[in-house]
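Report on the following structure.
The values are calculated or read from the model by the stated rules, or taken from the named source; none is laboratory data. The shown structure was predicted, so the numbers you read here are calculated from the model rather than taken from an experiment. Glycine gets a Cβ as well: all are built from the backbone with ideal geometry, and neighbour counts include every protein chain shown. These area figures cover heavy atoms from the full protein model, side chains too; ligands, DNA and RNA do not enter into them. Shrake-Rupley method; radii C 1.70, N 1.55, O 1.52, S 1.80 Å.
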Amino acid sequence: MTEEEKEKQFQQRIDAGEKIEPRDWMPEAYKQTLFRQISQHAHSEIIGMQPEGNWLLRAPSLRAKKILLAKIQDEAGHGLYLYSAAETFGIDRTEMIAMLHSGKAKYSSIFNYPTLTWADMGAIGWLVDGAAIVNQTMLAKCSYVLYSRAMIRICKEEGFHQRQGYEIIAKMMNGTTAQRNMAQDSLNRWWEPSLMMFGPHDSESTHSKDSMKWKIKVESNDTLRQRFIDRTVEQAHHIGLTIPDKNLKYNKTTMHWETSEINWDEFWSVVKGNGPCNYQRISHHIHYHNEGKWVRDCATAFEKSREKENSSISI
Ligand code: 3HC
């Protein structure tokens, strides 16, 4: 078959709703955009551990500390699944980490904001994991079977992450005036960056057209963002929080909450490396990646010795 015929047959499989396995033929461009998105998703999971790790030693109770520790460990596991899925495109983790360290690969802009108070642990769980759930339940329908399977597993854990975050914020809204103000301040700082997690508007999105054609995305950035806004505004009002947007209004005809335009200058500035914590996040990752080199060397040496042992036994 010619390349053209293979691409035609591939698109017919996608249109028929078939799942693509790692060993199936796929267009180079399909591989590229999946590798880009999955590896950046993996980086986001790992870098996303830092803002929350910042509060592990300052959690207000042993229960809160245990929950936060469990959540952070989950994120490491999510990164592991996703790096493994990305490696099926023939690029190993060492290379992916080098792309992250060099700035060649991105991670979600949301993690470049500082976590200033305990309420931010609530806002991250409620808003960031809440946005991730909306996006990832869609990605669970992705045509590339390994990404879809990873999402199904990850979404189960995101449910716990979102609920524990909302519990933190709800408790604070039931607390002292200082705690209520802390919770509102946190929402004020995390609301717009969490809307940015869904990416640019569909009309500005470089990859959405292809991603939709190949059913990597089955719903658009704006559709998912609106779904997140509609559910989160109700959750905020339910516990007495005010959404920090003077133009927020409910449209009875569309039955959607309408919001102000996102500050896309801020979005692109943070994506391009000029956010409050970009430098800190990457230098932290580089420092501890290098410090952990001996663990990787030991694991590799052990693997090699085991292979040598097995090959001598088989003779
Ligand atoms: N942060 C950083 N970069 C972003 C971004 C964001 N919030 N939104 C978009 N971008 C980048 C894209 O990567 C792309 O740049 P690139 O070509 O250099 O990769 C460019 O902006 C154009 O955006 P597009 O809409 O064309 O790109 P996509 O089709 O890839 O859509 C996306 C963007 C919706 C973020 C998509 O990549 C996606 O769904 N990624 C997987 C989900 C993910 O990464 N979530 C991040 C959070 S992980 C998390 O929350 C963990 C939780 O447990 C805490």
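Below, the figures for the structure above:
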read-out	value
Lone qualifier among F302, F228 - being out of contact with any helix residue (DSSP H, G or I) (no Cβ under 8 Å at 6 or more places or on another chain) and of a type in the set (A, V, I, L, M, F, W, C)	F302
Pair list, Cβ < 7 Å and 6+ apart or interchain, from segment 23-34 residues that are closer than 14 Å to E7 by Cβ and at pLDDT below 95 to residues that are open to solvent by less than 70 Å² (accessible area, probe 1.4 Å) and within 16 Å of the ligand (Cβ to nearest atom)	none
Selection from segment 148-178 of residues that are in contact with a Cys (Cβ under 9 Å, 6 or more places away or on another chain) and near the ligand (Cβ under 10 Å from one of its atoms)	M151
Yes/no for Y288 being open to solvent by 100 Å² or more (accessible area, probe 1.4 Å), assigned to a helix (DSSP H, G or I), modelled with pLDDT of 95 or more and farther than 22 Å from R189 by Cβ	yes
Residue satisfying all of: in segment 179-206; near the ligand (Cβ under 9 Å from one of its atoms) and hydrophobic (A, V, I, L, M, F, W, C); nearest to the chain's Cα centre (by Cα) among these	M197
Any chance E309 is open to solvent by 80 Å² or more (accessible area, probe 1.4 Å) and modelled with pLDDT under 95	yes
Neighbours by Cβ (under 9 Å, 6+ apart or cross-chain): first from segment 203-214, closer than 14 Å to S143 by Cβ and at pLDDT below 95; second in a loop (DSSP other than H, G, I, E, B) and more than 8 Å from the ligand (Cβ to nearest atom)	none
R189 crowded, with 17+ Cβ neighbours inside 10 Å and touching a residue at least 40 places away in the same chain (Cβ under 8 Å)	yes
Some residue of segment 178-190 being touching a helix residue (DSSP H, G or I) at 6+ places or on another chain (Cβ under 8 Å), more than 21 Å from W126 (Cα to Cα) and of a type in the set (G, A, S)	no
All positions within segment 47-94 that are closer than 16 Å to R281 by Cα and open to solvent by 40 Å² or more (accessible area, probe 1.4 Å)	M49, N54
Residue count for segment 108-120, restricted to those that are hydrophobic (A, V, I, L, M, F, W, C), within 12 Å of the ligand (Cβ to nearest atom) and open to solvent by less than 10 Å² (accessible area, probe 1.4 Å)	1
